[in-house]
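Throughout, read-outs are computed from the coordinates displayed, never taken from laboratory work. Not measured: the values here are computed from a predicted model. Every residue, glycine among them, receives a Cβ derived from its backbone with ideal geometry; neighbour counts consider all protein chains shown.
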Amino acid sequence: MFDASEGMLSYARTKVADYVVAGRVPHCEQLVLPCPIPGGEQHYDAICVNFVLHHLGSPDDNIDTLTFPKATGALRNIYDALRKGGLFLMITCLRQQLTHCLWHFGLIEKVDDLFKEPILQLMCGDYNSIEKILMEVGFPAMQATVPLHEIIMKPQHYYNVDTASDPKFILAVSAFALLKKRDKEMGTNYMETYFQRLHDLKESNKLEALIDEKEGMRKTYGCLTVIAVQKPSKYT
Ligand SMILES: C[S@@+](CC[C@H](N)C(=O)[O-])C[C@H]1O[C@@H](n2cnc3c(N)ncnc32)[C@H](O)[C@@H]1O
């Protein structure tokens, strides 16, 4: 297991402590992508990157030309670290899944504006662009799966209307980081609007109806996408 943040790693170590003891998690180390993956080339049978690649933006990114030096560099290193026939899984949320299917997003004003950064347009965009980037580093055609029964957060957090204003929850959800950044840069107050809307809906007993509406969409369209590609094996 790797992550750029030591804090995330120490939390992860406590979560998978049994697996570490059993030798099933040999590494739990700091790694800042796009650096080479420890272990050397053709080392891993499978690599999974869970909600990380949308952080790999760079000033040279361009969605029109599909130029993403940092993200592509990371994918290239992942490709190199896989054995022939090895599997790469990458988990992301498409913009529509986030904005239409997660109930908190229904309370964020001008939510689409949050996805303007090129790396977010790529990673939360359409399957074709993601596939093109994967093919550029050598992977063949990808498969995308949307598990309809999955929710991103633990159900006790996801459905808990009180958690939705908890500073810990706000800290943990990337969209709120984007919202705060936008407020700071544009002088807007959309974070405050989110809290106000949450409060008003609760007070007027309308929050449950909103959650039900978004839940209906989540169960139909899903709220996350698993992208799978296999490095060509020596037989292909
Ligand atoms: C939404 S969290 C996902 C965390 C974890 N993968 C999981 O499944 O719970 C995003 C993570 O990406 C990590 N991250 C951001 N930039 C990174 C980079 N350049 N290299 C490696 N990890 C990075 C952050 O430290 C953060 O822990």
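Working from label points 7 Å from Cα in the Cα-to-Cβ sense, the ALA46 to ALA141 distance is 2.3 nm. Highest mobility in the GNM of the chain, judged by mean-square fluctuation with C-alpha springs under 10 Å and restricted to HIS149, HIS43, HIS100, is found for HIS149. May I ask for the angle, rounded to the nearest 10°, between helix 127-136 and the longest principal axis of the chain, with both axes built from Cα atoms and the value confined to 0 to 90°? Rounded to the nearest ten degrees, it is 20. Across THR65, THR225, THR99, mean-square fluctuation computed from a Gaussian network of the chain (C-alpha pairs under 10 Å connected) peaks at THR65. Each principal axis of the chain carries a Cα extent, and these read 62, 46, 34 Å when sorted largest first.
Between the C-alpha center of segment 192-208 and that of segment 1-73 there is a gap of 37 Å.
Neighbours of LEU87 by Cβ distance under 14 Å: Lys/Arg scored +1, Asp/Glu scored -1, total +2. Rounded, prolate or oblate: pick one for segment 194-236, where a ≥ b ≥ c are the square roots of the eigenvalues of its C-alpha gyration tensor, a/c under 1.5 means rounded, and failing that, prolate if a/b is larger than b/c, else oblate. Prolate shape, in that a/c is at least 1.5 and a/b is the bigger ratio. Largest mean-square fluctuation among PHE105, PHE68, PHE195, in a Gaussian network model of the chain whose springs join Cα atoms under 10 Å apart, belongs to PHE195. Axis of helix 69-81 versus longest Cα principal axis of the chain: the two differ by about 50°, to the nearest ten degrees. Restricting attention to segment 33-230, the count of lysine pairs at 8 or more positions apart or across chains with alpha carbons under 22 Å apart stands at 25.
On the basis of the beta-carbon distance and an R0 of 25 Å, TYR127 and MET8 show a calculated FRET efficiency of 0.35. Taking 7 Å steps out from each Cα toward its Cβ at ARG197 and HIS27 produces label points 4.1 nm apart.
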